[in-house]
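Some notes on the structure that comes next.
What follows is calculated from the coordinates using simple rules that are stated; it is not laboratory data. From a predicted model like this one, the values you see are computed outputs, not experimental measurements. Neighbour counts are summed over all protein chains in view; Cβ atoms, including those assigned to glycine, are modelled from backbone coordinates with ideal geometry.
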Amino acid sequence: MAVPDGIVTNDDLSATLDTTDEWIFERTGIRERRVGGSAGSLGLAAATAALADAGLAATDIDFVLLATTTPDNLIPATAPTIAANLGIRAPAMDLNAACSGFMYALRVAEGLTATGVGRILVIGAENLSRWTDWNDRTMAVLLGDGAGACVVEASTGPSDVLAFDLGSEGDYAHLLSCEHGGTIWMDGKEVFRRAVRIMVDSAERAMSQAQVSADQLSLVIPHQANIRIIQAACQRLGVPMERAVVVLDRYGNTSSASIPLAVADARSQQRVHPGDLVLMTGFGAGMTWASAVVRWSK
Ligand code: UT7
């Protein structure tokens, strides 16, 4: 993972906006967020860390997938630049499924392995601060910058990915959007309402497909939008909050980076072990959603 050094606390925001640390923390669970860098620079740092952690070199990577809603430019995609900076000359492309982006990228990576691609570097990186109206208290308190990355590898035995559930409902595109050159806007209440239902339904479909029950899950790694969404979803799924990974208190909502940031946190806290069953689930603008049940390998 990688996050910029710049920390913006709730108190920092309340110095310029009509808000308070108490409101932000109670309504969202966020204490502070990181601000700075770019999808390219943060993605590169996270990818470098992932390669080191996996003990792999640039030449071991056959494909680079970057999930982002905030690419450095409209053209070209940011992934080829990250790949070049790593010394990788393999295919590289961006993918945008908003906050579900990292999960969508994992799904594409799994599909690529089925076509004979050996190792895929999957990155989620966001620079949401660039598209945030810092005078809009309804959005500024929620968003942050960051990146996470992993390497997906084809295996000869049964897949460690037991099930995926992905979907979209474009009829609700208007609920969360950002026009070219504009700033991010959201109907927070409506997104909240739909998010809980979407996450629970999607997670249940993935669990049913994987034939895994809630009590068998060692960990739930949800998209980090709002602690109340995570609490409501966990309650409906029958998973105690102690088994949910929460990093939004430190990073806010980092869209495509939020699930890999939470994965990195769970690993650093030694909360996942080989053989554990883990549910990852997210939702976002589009609206899109994606869940996976995986068996942790290492
Ligand atoms: O990544 C996927 C997309 N993101 C999400 O999933 C976020 C989903 N939505 C949410 O997390 C919540 O809806 C929010 C955190 C955005 C808002 O929480 P809420 O409990 O739905 O609050 P609200 O919008 O109903 O606003 C309640 C009050 C309003 O005042 P009135 O009308 O009751 O007088 C707002 O104007 O709180 C006010 N308010 C604030 N007050 C202090 C809104 N933002 C703030 C703020 N500080 N930052």
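Report, for region 6-153, the % of DSSP beta bridges that are antiparallel, rounded to 5. Please list the in-between numbers first.
Working: 12 of 21 bridges.
Of the beta bridges lying entirely in region 6-153, close to 55 percent run antiparallel.
Using a simple charge model, +1 on the beta-carbon of Lys and Arg, -1 on the beta-carbon of Asp and Glu, nothing else, what dipole does region 121-237 show about its Cα centre, in debye to the nearest 20? Please report the intermediate quantities before stating the final value.
Numbers: 9 positive and 15 negative charges, 74 e Å.
Roughly 360 debye, rounded to the nearest 20.
Work through the residues other than SER218 whose Cβ is under 9 Å from its Cβ and net out their charges, Lys, Arg +1 and Asp, Glu -1. Each step should come with its number before you reach the end.
On the way: positive: ARG243, ARG271; negative: ASP276.
Surrounding charge for SER218 is +1.
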>> Looking at the calculated P(r) for region 83-152, what percent of the C-alpha pair distances fall above 21 Å?
In response: 38 percent
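Count the net charge of all other residues whose Cβ sits under 14 Å from the Cβ of THR68, scoring Lys and Arg as +1 and Asp and Glu as -1. List each step's numbers first, then the result.
Details: positive: ARG130; negative: ASP72, ASP94, GLU126, ASP145.
In short, -3.
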> Hey, what's the Kirkwood Rh for region 1-50 if you take every pair of different alpha carbons, in angstrom?
Replying inline: 12.2 Å
>> Give me ARG130, ARG34, ARG89, ARG107 sorted ascending by neighbouring Cβ count inside 10 Å, so fewest comes first.
In response: ARG89, ARG130, ARG107, ARG34
>> Whole-Hz ³J(HN,Hα) for each residue in region 121-135, computed from phi via Karplus 6.51 cos²θ - 1.76 cosθ + 1.60 with θ = phi - 60°, x for glycine and proline: what do you get?
In response: 8, 10, 10, x, 9, 9, 10, 5, 4, 5, 10, 9, 7, 6, 9
> Can you put ASP5, ASP265 in order, fewest other beta carbons within 10 Å first?
Replying inline: ASP5, ASP265
> Which of MET93, MET139 comes first, and how do the rest follow, when ranked by fewest Cβ neighbours within 10 Å?
Replying inline: MET93, MET139
> Using the Cα atoms as the points, what is the convex hull volume per residue of region 1-142 in Å³?
Replying inline: 115 Å³
>> If I require 30 Å or longer along the helix axis, counting alpha carbons, and a Kyte-Doolittle average no lower than 0.0, what helices from the chain are left? Use full DSSP H segments.
In response: none
> Size of the chain along its principal axes in angstrom, Cα-based, largest extent first?
Replying inline: 56, 43, 38
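Per residue, what volume in Å³ does the Cα convex hull of region 161-295 take up? Please list the in-between numbers first.
Values: hull volume 14.3 nm³, N = 135.
Roughly 106 Å³ of hull volume per residue.
Which value at 222 nm does the chain reach when only helices count, each DSSP H run of 4 or more adding -39,500 (n - 2.57), with the total divided by all residues and rounded to the nearest 500 deg cm²/dmol? Walk me through the numbers before you get to the answer.
Details: 10 runs with 104 residues, N = 298.
The helix-only estimate for the chain comes to -10500 deg cm²/dmol at 222 nm.
For GLU32, what charge total do you get from the other residues with a beta carbon under 14 Å from its beta carbon, if Lys and Arg give +1 and Asp and Glu give -1?
Numbers: positive: ARG31, ARG33, ARG34, ARG250; negative: ASP5, ASP11, ASP12, ASP21, ASP145, ASP249.
Computed value for this residue: -2.
What relative contact order, as a whole-number percentage, does region 6-153 give when Cα pairs under 8 Å and 6 or more residues apart are counted?
It comes to 31 percent, rounded to a whole number.
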>> Please compute the length gained on full extension between PHE192 and ASP12, using 0.36 nm multiplied by the number of residues separating them and subtracting their Cα-Cα distance.
In response: 62.3 nm
>> Given an 8 Å cut-off on Cα distances and at least 6 residues of separation, report the relative contact order of the chain as a percent.
In response: 24 percent
> When the Kirkwood radius is taken over all Cα pairs of region 62-190, what Stokes-Einstein diffusion coefficient follows at 4 °C and 1.567 mPa s, in µm²/s?
Replying inline: 80 µm²/s
> Taking the Cα centre of region 196-298 as origin and charging only Cβ (+1 Lys, Arg; -1 Asp, Glu), how large is the dipole, in debye to the nearest 20?
Replying inline: 100 debye
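Which residues make up the longest stretch of the chain that has no GluC sites (Glu not before Pro) in a DSSP loop with at most 16 other Cβ atoms within 10 Å? Walk me through the numbers on the way to the answer.
Numbers: sites that count: GLU169, GLU179.
My reading of the result: 1-168 is the longest stretch.
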>> Please compute the modelled spin-label separation between GLN211 and GLN269, points set 7 Å along Cα→Cβ, answer in nm with one decimal.
In response: 3.2 nm
> So for the chain: antiparallel DSSP bridges make up what percent, rounded to the nearest 5?
Replying inline: 65 percent
